[in-house]
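First the structure, in the form of structure tokens, and then the observations on it.
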Amino acid sequence: MVRESACRELYRIGCALGEAAIATWRNDGDLAGLLTGPLTVGVAAQPERFEAIRAAFGRPRLAEVPPDQDAREFEIVLGSTARLDVLTTREPGGTGAIAKFLEKFGEGIQQVECPATDIDRATEILRARLRVEPIYPATRPGANGTRVNFFLARTPDGRKVLVELVEAAARA
């Protein structure tokens with residue numbers, strides 16, 4: 001119960017931060033129509049803690065992360081009350097995004113993931129209407145065959161939030 005309570009609290013905090021950061025995105029009718037489903041909160045953990053959390057939750061399946069990305073991840077879903085992606089680096093002290101985050105900020109909420117039906121169109125709208133530039137110049141492969149891109153969004157009080165737009169993998 002303690003673990004699940006902690007997951008729900010991380011999810012609540014991450015969602016509040018994420019929703020504050022993308023509130024203006026949801027006010028654009030076209031963009032809002034592309035943003036679907038519940039948010040997922042990405043939590044970065046040191047490799048040892050990543051393994052301990054994974055063991056405590058019954059060793060969930062590891063995501064298939066593209067080899068060029070310095071990340072390992074698994075998902076914790078507690079019904080409709082929490083969706084967390086637990087992330088760690090493949091190379092502690094390395095130059096990958098998760099390694100850099102852990103070095104600079106330590107463990108904690110690293111990103112908020114927002115499902116989208118068409119990332120390319122969402123990116124066009126974010127650039128043209130809201131003047132929000134993506135981290136990467138083009139959508140890239142994500143875990144488990146998804147397509148992703150990242151955006152640095154700001155909450156009304158000026159905090160920065162890394163938002164990952166995630167487009168589901170195409171069905172075969």
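Considering ILE53, ILE76, the condition of being among the aliphatic types (A, V, I, L, M), touching a residue at least 24 places away in the same chain (Cβ under 8 Å), part of a strand (DSSP E or B) and more than 18 Å from VAL163 (Cα to Cα) is satisfied by ILE76 alone. Here GLY93 fulfils each of the conditions (1) surrounded by 15 or more Cβ atoms within 10 Å (Cβ to Cβ); (2) touching a helix residue (DSSP H, G or I) at 6+ places or on another chain (Cβ under 7 Å) apart from (1). Scanning region 158-172 for residues being outside any strand (DSSP E or B) and either within 12 Å of the chain's Cα centre (by Cα) or touching a residue at least 40 places away in the same chain (Cβ under 8 Å) (or both) gives a total of 2. Considering each residue of region 114-128 in turn, at least one proves to be hydroxyl-bearing (Ser, Thr, Tyr) and part of a helix (DSSP H, G or I). When PRO38 is tested against (1) outside any loop (DSSP other than H, G, I, E, B); (2) of a type outside the set (A, V, I, L, M); (3) at pLDDT below 95, just one condition goes unmet, and that condition is (1).
Per this entry, ALA143 is not counted among residues that are surrounded by 13 or more Cβ atoms within 10 Å (Cβ to Cβ), free of Cβ contacts under 8 Å to residues at least 60 places away in the same chain and of a type outside the set (Asp, Glu). With respect to ALA71, is the statement that it is closer than 20 Å to GLY106 by Cα and modelled with pLDDT under 95 true? When the stated conditions are applied, ALA71 passes them. Would you check if there is a residue in region 141-148 being under 28 Å from PHE57 (Cα atoms), hydroxyl-bearing (Ser, Thr, Tyr) and outside any loop (DSSP other than H, G, I, E, B)? Within region 141-148 (the criterion being under 28 Å from PHE57 (Cα atoms), hydroxyl-bearing (Ser, Thr, Tyr) and outside any loop (DSSP other than H, G, I, E, B)), the answer is no, since none of the residues qualifies. One residue alone among ILE125, ILE119 is touching a residue at least 40 places away in the same chain (Cβ under 8 Å), surrounded by fewer than 21 Cβ atoms within 10 Å (Cβ to Cβ) and among the β-branched types (Val, Ile, Thr), and that residue is ILE125. Being of a type in the set (Lys, Arg), under 19 Å from THR146 (Cα atoms), surrounded by fewer than 13 Cβ atoms within 10 Å (Cβ to Cβ) and free of Cβ contacts under 8 Å to residues at least 40 places away in the same chain is a description that applies to ARG61.
Just a yes or no: is a residue in region 100-113 part of a helix (DSSP H, G or I), modelled with pLDDT of 90 or more, more than 20 Å from LEU39 (Cβ to Cβ) and acidic (Asp, Glu)? Looking for residues that are part of a helix (DSSP H, G or I), modelled with pLDDT of 90 or more, more than 20 Å from LEU39 (Cβ to Cβ) and acidic (Asp, Glu), one finds at least one in region 100-113, hence yes. A single member of THR88, THR95, THR24, THR123 is of a type outside the set (A, V, I, L, M) and under 15 Å from the mean Cα position of the chain (by Cα), and it is THR88.
Can you find even one residue in region 152-166 that is closer than 21 Å to PRO38 by Cα and among the basic types (Lys, Arg)? Yes, the conditions are met somewhere in region 152-166.
The values are calculated or read from the model by the stated rules, or taken from the named source; none is laboratory data. All figures in this text were calculated on a predicted structure; none of them were measured in a lab. Glycine also receives a Cβ, built like all others from the backbone with ideal geometry; neighbour counts cover every protein chain displayed.
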